[in-house]
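Input: a single structure, listed below in structure tokens.
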Amino acid sequence: MIILDYNSSMAEQELFPLVSALGVGFLYQVPIVALQAAMPTEDMATATSAYMFLRLLGAAVGLAVDEAIIASVLSKKPRMSGLGTKLRRSTITSRKST
């Protein structure tokens with residue numbers, strides 16, 4: 001999705017996130033079924049909860065890194081649909097209110 005920019009068509013803007021969402025969606029169920037099939041019954045709850053915890057921890061770290069990258073790119077492209085100006089204004093107003 002890094003190739004998306006202000007001149008990207010609406011089809012590209014919709015298709016790239018859709019492909020990403022489909023890929024992530026297929027990865028939710030299959031590993032948990034394989035993990036539960038490989039575990040003995042007494043360890044199934046522990047293995048499932050550990051897997052879910054590590055998945056959520058990875059998602060949180062990945063989201064934080066992605067947000068930092070997006071914020072740094074958006075600050076360098078302020079003309080991209082006026083978003084940079086809105087971000088700067090909201091940052092300034094939030095800093096004044098605190």
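The values are calculated or read from the model by the stated rules, or taken from the named source; none is laboratory data. Computed from a predicted model, the values in this text were never measured in an experiment. Cβ coordinates were reconstructed from backbone atoms using ideal geometry, including for glycine residues, and neighbour counts include every protein chain displayed.
Looking at segment 1-26, I want the residues that are modelled with pLDDT of 80 or more and have a partner that is surrounded by 10 or more Cβ atoms within 10 Å (Cβ to Cβ) and part of a loop (DSSP other than H, G, I, E, B) with Cβ atoms under 6 Å, at least 6 apart or on another chain. Which pairs are those?
Between residues of segment 1-26 that are modelled with pLDDT of 80 or more and residues that are surrounded by 10 or more Cβ atoms within 10 Å (Cβ to Cβ) and part of a loop (DSSP other than H, G, I, E, B), the close pairs are 16/1.
Do you know which residues across segment 29-45 are among the β-branched types (Val, Ile, Thr) and closer than 17 Å to residue 55 by Cβ?
If the condition is that a residue be among the β-branched types (Val, Ile, Thr) and closer than 17 Å to residue 55 by Cβ, then 30, 32, 33 are the ones that fit.
How many residues are in a helix (DSSP H, G or I) and either in contact with a helix residue (DSSP H, G or I) (Cβ under 9 Å, 6 or more places away or on another chain) or closer than 22 Å to residue 67 by Cα (or both) if we restrict to segment 1-26?
The number of residues fulfilling the criteria is 14.
Please find, within segment 25-42, the residue that is nearest to residue 59 (Cα to Cα) out of those that are surrounded by fewer than 10 Cβ atoms within 10 Å (Cβ to Cβ) and of a type in the set (Val, Ile, Thr).
Looking at the filtered set, the residue picked out is 30.
Could you tell me whether segment 52-71 includes any residue that is surrounded by 10 or more Cβ atoms within 10 Å (Cβ to Cβ), basic (Lys, Arg) and out of contact with any Lys or Arg (no Cβ under 8 Å at 6 or more places or on another chain)?
yes
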